[in-house]
Amino acid sequence: MGGVLHSAPLDGSRPNVILVITDDQGFAPVGAHGHPWIKTPNLDALHGQSARFTSFLVSPTCSPTRAALMSGRHPLKNGITHTILERERMALSTVTLPQVLAKAGYVSGIFGKWHLGDEEAYQPHKRGFDEAFIHGAGGIGQAYNCSCADAPGNKYFNPAIRHNGSFVKTEGYCTNLFFTAALGWIKQVKDEGKPFFAYITTNAPHGPFIAPPANTKRFTDLGFSAKTAGFYGMIENIDENMGRLMAKVEEWDLAGDTLLIFMSDNGMTGGGSGRGKVGVAKDGSPMNAFNAGMRGQKGSPDEGGVRVPFFVRWTGKLKGGRDVGALSAHIDLLPTLAQLAGVRELPPNQVEGRSLVPLLGNPEAEWKDRHLFTQIARWRTGSEPNDHMWKKFAVRNQRYRLVGDQLYDMKEDPNQKVNVADKHPGVVKSMRAAYGQFWKEARPLMVNEKAPMSPTRPFHVWFNKQKAKGGIPKWKVPPL
């Protein structure tokens, strides 16, 4: 782990990076992936312009994936074993992606969801980000009996946002606001001539499923439930904002200098699947869920719980419209972006992902097989993690997925319908052995397991203190 990256033609090319990650969208709800109801013309266009990683895996829930992106290693090794209860806090010993990129002169900004610790030491402006425009907790308005909580009373419209350590009052819909803030900052750093990393992290389409009425109307008119109309409407609103972003990248002449990445943080949530039926059309016929034929969704160790879209566009540098079938994952982002930025030395004893740069240049490049590990975790606080080691886990290589004691041949059976464990005992044995070694490495790094619950909600404390002292000023919308 760590060490020196090997050279490649794109080494040190220092592109700007815009990484858009949606919350709970998953793989299926994209028009280009065959979704029968959602219209995503801008994502479809990006799909056609990109290298599409068709076997890109993340974690089954929010905080774990975000920790893996920030660190280049499995979330359990960052102390992330839940999304709340102080177990969503990314270990302070972790060296983050923006800290790595800073070595190459990059500036970094985050716009939207952080969800790796709401206490001050864990906040993004303390973890390498130069600009931070975020909500708290795992979603706007959430509040738990621990430190994980957003500003009090927040809604999807007109939320109070923590901007570089103090709160501002916004006007508008959350996703629109996050893209606007990101675009304003991109324009500023572009004009200053600095290479940048813009991390746009929408809370949409996470529940509650609230979208602008203009985005839900088409679905309610079709007869979808309010929940599903909200989920689908949130995605179409994201697509509109992707169109805004892509237009500005062109207008500002940034396309040839910018790596644009689109992905989601875990499998599709129940808002899109309805666990079998998402609504009834006006003629009474059922509107069945669409999950691209995959088994499982958010919170599952199956393929549908962890496979997400991963589109990478770099105009003039990468050939678009190509599928990359090699097994890849969230842990690969840090070494990939570090190599492109020209950072040779990675954090020692931390990074276990691989640079995807060879595959960006050639989808058929040699790519050694490996094991990737899923562990849902989320056990009861105070229980011994070792007691849960062999529960809710999966191991994946290029061909097989082991889920508990079930083995699936993902090449011949991508829908996971036939258990072939009896036919391939050697595969099962090797996968279990690899998982055992992984757990042995991860268990000592689960640093949040005995953390006491915070007696306060920091976002509440800071918000109320600021409100009492001088109020919450109106956010100044950046000029575009």
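The values are calculated or read from the model by the stated rules, or taken from the named source; none is laboratory data. Keep in mind that this is a model prediction, so the values were computed, not measured. Cβ placement follows ideal geometry from the backbone for every residue including glycine, while neighbour counts extend to all protein chains displayed.
Below, the figures for the structure above:
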read-out	value
Close pairs (7 angstrom Cβ cut-off, 6 or more residues apart or separate chains): at pLDDT 90 or above and crowded, with 24+ Cβ neighbours inside 10 Å in segment 262-275, in a helix (DSSP H, G or I) and of a type in the set (S, T, N, Q) anywhere	Asp265/Thr65; Asn266/Thr65
Only listed residue being surrounded by 15 or more Cβ atoms within 10 Å (Cβ to Cβ), part of a strand (DSSP E or B) and modelled with pLDDT of 95 or more, chosen from Val343, Val312	Val312
Set Thr83, Thr96: member being in contact (Cβ under 8 Å) with a residue 40 or more places away in the chain and of a type in the set (Val, Ile, Thr)	Thr83
Whichever residue in segment 197-251 is aromatic (Phe, Trp, Tyr) and in contact with a helix residue (DSSP H, G or I) (Cβ under 6 Å, 6 or more places away or on another chain) and, among such residues, is farthest from Thr269 (Cα to Cα)	Phe197
Looking only at segment 92-128, and only at residues there that are touching a helix residue (DSSP H, G or I) at 6+ places or on another chain (Cβ under 6 Å), of a type in the set (A, V, I, L, M, F, W, C) and over 20 Å from Cys62 (Cα atoms), the one that is surrounded by the most Cβ atoms within 10 Å (Cβ to Cβ)	Val100
Filter pass, Lys248 being over 19 Å from Phe310 (Cα atoms), assigned to a helix (DSSP H, G or I) and in the same structural domain as Ala137 (by TED's automatic domain parsing)	yes
Subset of segment 154-191 (residues that are under 17 Å from Asp239 (Cβ atoms) and of a type in the set (S, T, N, Q))	Thr175, Asn176, Thr180
3 or more residues under 22 Å from the mean Cα position of the chain (by Cα) and either outside the structural domain of His330 (by TED's automatic domain parsing) or in contact (Cβ under 8 Å) with a residue 60 or more places away in the chain (or both): qualifying strands (runs of 3 or more DSSP E) within segment 360-429	372-375, 393-396
